[in-house]
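Q: Quick one: the structure is below, and I'll ask about it shortly.
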Amino acid sequence: MPVVNSPMGGSFAFPQSLRARDQLLTGKTSVGARAFCGFQGCFFRDRRMDTARIAVVGAGLMGLSTAVCIPTLVPRCSVTVIADKFTPDTTSDVAAGILIPHAYPDTPVHKQKQWFRETFDHLFAIANSAEAGDAGVYLVSGWQIFRSMPTEEVPFWADVVLGFRKMTEAELKKFPQHVFGQAFTTLKCEGPVYLPWLEKRVKRSGGLMVPQRIEDLWELHPSFDIVVNCSGLGSRQLAGDSTIFPVRGQVLKVQAPWLKHFIRDGSGLTYIYPGISNVTLGGTRQKGDWNLSPDAEISRDIFSRCCALEPSLHRACDIREKVGLRPSRPGIRLQKELLAQDSRRLPVVHHYGHGSGGFSMHWGTALEAARLVNECAQALRSPAPKSNL
Ligand SMILES: Cc1cc2nc3c(=O)[nH]c(=O)nc-3n(C[C@H](O)[C@H](O)[C@H](O)COP(=O)(O)OP(=O)(O)OC[C@H]3O[C@@H](n4cnc5c(N)ncnc54)[C@H](O)[C@@H]3O)c2cc1C
């Protein structure tokens, strides 16, 4: 098994088939350091530094944001992101990336609000920094409109976004089919810009990117001490989780640079989100549908629904179709699990299942996942490791 020098100063072993993404590009792999004896019964003992070797499976929004958070919360660690798809080929690259929470029935509302607030505050700071353009994060204002009165006129996130208010009669005149609306300013996070920016941050803090499909989390043992599972829909196989399912989303990316305001139907089905380089028109929510090919009939329907809300879209051009599968389950899974097989142990932190609201929650849940990773690392460093996991 080859051993690769960690940029953090430790050394760690990859299975033969795992090669660092950067090393594939640069050919700078350093092989030939010390072998590692594995997790069981010898954690840290045979290493020069007591570096916790952490594998993050998944390079979508959750994998990358968790990989950025881990070194800030876990002392003495190395981070390796392993995934079969990287930006621009993940679900997270298809999303419109607007911060409007989606409700998770199995997650307490106070938790959802905490994660949303942490995410909003974090991205608001980025939007107000010199990094905003590089990160693809910016403020957007617009309307959420309803054909009938919503059960909650003031949603739980109303005091997190900026300037939340009821739409005026004058504003509602633009939407004769709708009886109620909310106006507010929120944030938008462009996946195809934000993900490469997160990747750079992971690398800057010494992390590695490894393109590799994982069939079983045990493949990562004993090369890694802790595994973070951010594999989204891949968790059906990797975590044996039959509660996670795809909610297919088809969208159109069009050129309509005159549009600046977002418009979202309260059902979440029809939306117009102006972005940096295009406007996202949506959409669909097709439960249990795994088809990644665009459907021309659905595209026509999306276009006509959006034109009904914003007639100027009839002049939109350069229309491109995109499809993504939202990794959905009744609640986000943020949980430690100690896998055991014979005498082997592998601590895993699960961080997946964000469905339609991943961008709205990602930083809050990534911080929580990193805290769970730190608990695992502390337990491994303590004299009676297993009891604390
Ligand atoms: C059309 C659409 C619009 C959306 N709009 C919004 C929005 O406006 N606002 C919002 O908040 N959310 C939105 N979302 C939801 C958001 O995109 C998701 O919640 C989020 O992207 C999920 O991120 P993830 O990292 O969990 O999953 P993914 O992006 O799917 O990443 C999963 C990663 O795991 C890897 N992986 C999986 N299995 C394996 C394996 N066996 N071995 C190795 N690697 C593996 C994949 O290669 C990938 O790198 C939208 C989604 C869609 C589809």
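The values are calculated or read from the model by the stated rules, or taken from the named source; none is laboratory data. All figures in this text were calculated on a predicted structure; none of them were measured in a lab. All Cβ positions, glycine included, derive from the backbone under ideal geometry; neighbour counts span all protein chains shown. The protein model used for the area step is the full one, side chains on, heavy atoms only, and it has no ligands, DNA or RNA in it. Shrake-Rupley method; radii C 1.70, N 1.55, O 1.52, S 1.80 Å.
Q: Criterion first (assigned to a loop (DSSP other than H, G, I, E, B), of a type outside the set (Lys, Arg) and over 26 Å from Val193 (Cα atoms)) does Ser242 satisfy it?
A: Yes.
Q: May I pose another question? Select from the stretch 312-346 the residues that are assigned to a helix (DSSP H, G or I) and touching a residue at least 24 places away in the same chain (Cβ under 8 Å) and write down the one among them that is farthest from the ligand (Cβ to nearest atom).
A: Filtering first and then ranking leaves Arg315.
Q: Out of all the residues in the stretch 197-205, is one or more of a type outside the set (Phe, Trp, Tyr), in a loop (DSSP other than H, G, I, E, B) and within 11 Å of the ligand (Cβ to nearest atom)?
A: No; the residues of the stretch 197-205 include none that is of a type outside the set (Phe, Trp, Tyr), in a loop (DSSP other than H, G, I, E, B) and within 11 Å of the ligand (Cβ to nearest atom).
Q: Based on this model, can you work out whether Cys307 counts as out of contact with any Gly (no Cβ under 9 Å at 6 or more places or on another chain), open to solvent by less than 20 Å² (accessible area, probe 1.4 Å) and under 29 Å from Lys111 (Cα atoms)?
A: Numbers: out of contact with any Gly (no Cβ under 9 Å at 6 or more places or on another chain): yes; open to solvent by less than 20 Å² (accessible area, probe 1.4 Å): yes; under 29 Å from Lys111 (Cα atoms): no.
No, not satisfied.
Q: Determine whether Thr365 is open to solvent by less than 10 Å² (accessible area, probe 1.4 Å), within 16 Å of the ligand (Cβ to nearest atom) and assigned to a strand (DSSP E or B). Before you say what the answer is, go through the steps one by one.
A: Values: open to solvent by less than 10 Å² (accessible area, probe 1.4 Å): yes; within 16 Å of the ligand (Cβ to nearest atom): yes; assigned to a strand (DSSP E or B): no.
Here the answer is no, as Thr365 does not meet what is asked.
Q: Oh, and also: Could you please tell me which pairs satisfy a Cβ distance under 7 Å, a separation of 6+ or placement on different chains, a first residue in the stretch 171-182 that is under 14 Å from Glu152 (Cα atoms), and a second residue that is of a type in the set (Asp, Glu) and open to solvent by less than 40 Å² (accessible area, probe 1.4 Å)?
A: Gly181/Glu171
Q: Can you spot a residue in the stretch 347-357 that is without any contact (Cβ under 8 Å) to a residue 24 or more places away in the chain and either open to solvent by 10 Å² or more (accessible area, probe 1.4 Å) or touching a helix residue (DSSP H, G or I) at 6+ places or on another chain (Cβ under 7 Å) (or both)?
A: Within the stretch 347-357 (the criterion being without any contact (Cβ under 8 Å) to a residue 24 or more places away in the chain and either open to solvent by 10 Å² or more (accessible area, probe 1.4 Å) or touching a helix residue (DSSP H, G or I) at 6+ places or on another chain (Cβ under 7 Å) (or both)), the answer is no, since none of the residues qualifies.
Q: Out of everything in the stretch 150-170 that is among the β-branched types (Val, Ile, Thr) and surrounded by 11 or more Cβ atoms within 10 Å (Cβ to Cβ), what residue ends up being farthest from Asp121 (Cα to Cα)? Reasoning before the result, please.
A: Applying the first criterion (among the β-branched types (Val, Ile, Thr)) to the stretch 150-170 yields 151, 154, 160-161, 168.
Among the residues that remain, those that are also surrounded by 11 or more Cβ atoms within 10 Å (Cβ to Cβ) are: 154, 160-161.
On the way: Val154: 20, Val160: 9, Val161: 9 Å.
The selected residue is Val154.
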